[in-house]
Amino acid sequence: MAQFYGMKVVARCLTKNSPSRFKNMQISLLTLLVLLLQAFSAMAQQPEVQSAARDAVEWRHHIHENPELSFEEYKTSNYVADLLASFGHIEVLRPTKTSVVGILRGGKPGKTVGFRADMDALPVQEETGFSFASKTPGVSHACGHDMHTAMLLGTAKVLASMQKELSGTVYFIFQPGEEKSPGGALPIIKSGVLKGVDAIFGAHVMPNEPAGSIGILPAGAASSSSDGFFPYHSGEGFPWLHAAAGRGPHRHGL
């Protein structure tokens, strides 16, 4: 564990059962993260970064108060698009009805990277008592997507203020429908708007980690996911008097 200006880096070590080929990857990622934090820790003290951090809290509260379910994020996506446009230097695209992609082209040549956040809420009644609790009965941001969206907006504001010094291009990807399967990522990809992006990064808040910590897990799954399946059974029908001789669907189940 390392500490830089109060920010702790929690490196999730690989388990004993993890493939050995990931060990060097883990060391490389941790080294890169430490170097990045050394550079960013000083940057975090800059006025524009402090301003964006305060704004992110306000944006998060607004989004938290006004949650929208998967693929119904019309107000949220419009809110995000308007904010991105207000930062300057960012081209705002709407590849699907409720998705938003902002493109920031730096003043210097370089790679193209994307940062992704999800925007949808869950059909869960909020009972937190927060001053900024959900105003929509039966719907709330119980999975932290309000924070993901606000964090990415803050990132976009800071990087837009550095456009001339920025090397390469940055895509800010705001995805709808993450809570449904299949979700909203594939339609954005199929739209072609992400063609040419070299790498995409995402993050998820973790309430079981201390505030100010960053966890990395270079091998294996980092979060849970939901999948669905549909069983089908075919059989031969028999008169009810001889049903035991048949292979009817009524004799099988899961």
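No value in this document is a laboratory result; all are computed from the given coordinates. Keep in mind that this is a model prediction, so the values were computed, not measured. Cβ: placed from backbone, ideal geometry, glycine included. Neighbour counts: every protein chain shown.
Overall, the anisotropy analysis places the stretch 47-105 in the oblate class: the square-rooted eigenvalues a ≥ b ≥ c of its C-alpha gyration tensor yield a/c not less than 1.5, with a/b not exceeding b/c. According to the square roots a ≥ b ≥ c of the eigenvalues of the Cα gyration tensor, what is the shape class of the stretch 79-219, taking rounded for a/c under 1.5, prolate for a/b larger than b/c otherwise, and oblate for the remainder? Prolate shape, in that a/c is at least 1.5 and a/b is the bigger ratio.
If a/c stays under 1.5 just call it rounded; otherwise compare a/b with b/c (prolate if a/b is bigger, oblate if not). Do that for the stretch 158-215, with a ≥ b ≥ c from the square roots of the Cα gyration tensor eigenvalues. Since a/c reaches 1.5 but b/c is at least a/b, the shape of the stretch 158-215 is classed as oblate.
Using a cutoff of 8 angstrom between alpha carbon atoms and counting only pairs six or more residues apart, the relative contact order for the stretch 57-200 works out to 35 percent.
Sorting the segments 201-207, 186-192, 120-126, 135-141 by their mean number of nearby beta carbons within 10 angstrom, highest to lowest, gives 120-126, 135-141, 186-192, 201-207. Take 151-158, 49-56 and order them by the average number of nearby Cβ atoms within 10 Å per residue, most first; the result is 151-158, 49-56.
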